[in-house]
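Data block below; observations after.
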Amino acid sequence: MPRALLALAIGAFGIGTTEFVVMGMLPEIADGLDVSVSAVGLLISAYAIGVVVGAPTLTALGLRFTPRQTLVALMVVFVVGNLLAACAPTYGTLAAARVLTALAHGSFFGVGAIAARRLVAPERATQAISLMVTGLTLANVIGVPAGTWVAQQTSWRLVLAAIAGIGVLTIAGLLAWLPSDGGEPTDLRTELSAFRSRQVWLVLALTMVGFAATFAVYSYVAPILTDLAGFSSGSVTPVLALFGVGTTVGTLLGGRLGSRFDFGFVALGMLGVAVVLAVFALSARNAVAAVVLLVLFGTLGFAMGPIVLNGVIEAAAVPGGSLVSAANQAAFNVANALGAALGALVISQGYGLTAPMWVGAGLAVAGAGIALWVRQGARRPVGTPLSSSVPAAPEPAGAR
């Protein structure tokens, strides 16, 4: 494994930890700033908005620089944002600092995916992306539980300061290991031309719809485990850690298999998610079954992520491709919001905590259909414009 992939994975670990650890520190932050828990909960939505805005914006601004320069600059923003959050004297200051931190999130994964692909042979591109994303999944196994415990024992401010330290470590790794001349010359016009491709929009739709299935359930996993499966509140964290292990295994599995099976694997994976969620809905009151199915759900759901991210870059068929890669990160956060909103809708209508599982199953089936559509389109030359069926020009030499 190229050492630069380790630097990218460390950065992904820091980003994943800062995004999700707030969920575990809600009471501590609320007490520290003398605000309600629900108000602190809005920081999660503010972070998601920052990701959606920052992903295309900062990626576009970084096109004139090398991937290493862009990634280092994004990590500087990440470090500053976390330090400001750690020192925030008021709720408003903390909210602004969280949005600033989130701006770097989507762009880091977008540009990082391009950088990861260039570090390995083309046939190992999906695997390289999966190794970077593994840092994000490990955040749910190690970073979030550890951060939650530290916040409970000492201070949530110390947790955010430590995450800033992870950002500094990432910067050092990027400067030491990522080639300074990596990447291809590109410009905004070239990058934007990728959005004329029908395939690109299909993959983005797949991300928004298919992965919404994950968040329709995961957003309400704590009450599902306590109210349906009968776990105590103190047992939820270990179960979520097991879920994180499943997502890590799935990410690595997807990296291994994705290059061989592409979107056919994604379609089967989405159908597998639908089946698992249907069984989960029928057996959620059995504690053992709930844990097994939750881990299997995480494994299947995250196995498709690296394949889809690599697929949208391939579909762009332009030098660079960082803008469509970042757009996929924005689409992933749209999936987060969509899944959570649909889950909340069916719960508020009185259908109970199993209802989000059926919603997730339906979204996964829809995602499988889109994946098959993408797979069929991949048999034609990539880069086909939306307004024409004429094959796109061949990819320039050295585009990979």
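The values are calculated or read from the model by the stated rules, or taken from the named source; none is laboratory data. Just so it is clear, the structure is predicted and the values come from calculations on it, not from any experiment. A quick note on method: Cβ atoms are made from the backbone with ideal geometry, for glycine too, and the neighbour counts reach across all protein chains shown.
Please tell me if V217 is touching a residue at least 40 places away in the same chain (Cβ under 8 Å) and crowded, with 17+ Cβ neighbours inside 10 Å. Considered against the rule, which asks whether it is touching a residue at least 40 places away in the same chain (Cβ under 8 Å) and crowded, with 17+ Cβ neighbours inside 10 Å, V217 comes out as yes.
S130: crowded, with 24+ Cβ neighbours inside 10 Å, over 23 Å from L63 (Cα atoms) and modelled with pLDDT under 95, yes or no? Criteria met by S130. Would you say T251 is at pLDDT below 95, in a helix (DSSP H, G or I) and within 17 Å of the chain's Cα centre (by Cα)? Yes, satisfied. Among the candidates G264, G246, the residue that is in a helix (DSSP H, G or I), closer than 30 Å to L5 by Cβ and touching a residue at least 60 places away in the same chain (Cβ under 8 Å) is uniquely G264. For region 87-98, the criterion of being of a type outside the set (V, I, T), buried (at least 24 other Cβ atoms within 10 Å of the Cβ) and either in contact with a Ser or Thr (Cβ under 8 Å, 6 or more places away or on another chain) or closer than 22 Å to L309 by Cβ (or both) is met by no residue. Go through the residues of region 193-216 one by one and say whether even a single one is more than 19 Å from L309 (Cα to Cα) and part of a helix (DSSP H, G or I). Yes. Can L61 be described as in contact (Cβ under 8 Å) with a residue 12 or more places away in the chain and either under 13 Å from T18 (Cα atoms) or in a helix (DSSP H, G or I) (or both)? Taking the combined requirement at face value, the residue does not satisfy it. A289 meets the stated requirement of being surrounded by fewer than 23 Cβ atoms within 10 Å (Cβ to Cβ), modelled with pLDDT of 90 or more and in contact with a Ser or Thr (Cβ under 7 Å, 6 or more places away or on another chain). Looking only at residues of region 51-71 that are surrounded by fewer than 20 Cβ atoms within 10 Å (Cβ to Cβ) and of a type in the set (A, V, I, L, M, F, W, C), we find that the one that is nearest to the chain's Cα centre (by Cα) is V53. Among the residues making up region 1-27, those that are over 19 Å from the mean Cα position of the chain (by Cα), surrounded by 20 or more Cβ atoms within 10 Å (Cβ to Cβ) and part of a helix (DSSP H, G or I) are A4, L26. Restricted to region 313-360, and to residues there that are of a type in the set (S, T, Y) and assigned to a loop (DSSP other than H, G, I, E, B), the residue that is nearest to M208 (Cα to Cα) is T354.
Comparison of V279, V291, V273 shows that the only residue that is without any contact (Cβ under 8 Å) to a residue 40 or more places away in the chain and in contact with a Leu (Cβ under 7 Å, 6 or more places away or on another chain) is V279. Hey, any hits in region 223-241 for a residue that's under 18 Å from the mean Cα position of the chain (by Cα), outside the structural domain of F108 (by TED's automatic domain parsing) and modelled with pLDDT under 95? The answer is yes; a qualifying residue exists. Which of the residues that make up region 37-59 are at pLDDT 85 or above, over 16 Å from I15 (Cβ atoms) and hydroxyl-bearing (S, T, Y)? The one that is at pLDDT 85 or above, over 16 Å from I15 (Cβ atoms) and hydroxyl-bearing (S, T, Y): T57. Going by the structure shown, is L119 in the same structural domain as G81 (by TED's automatic domain parsing), touching a helix residue (DSSP H, G or I) at 6+ places or on another chain (Cβ under 7 Å), touching a residue at least 24 places away in the same chain (Cβ under 8 Å) and surrounded by 17 or more Cβ atoms within 10 Å (Cβ to Cβ)? Criteria met by L119.
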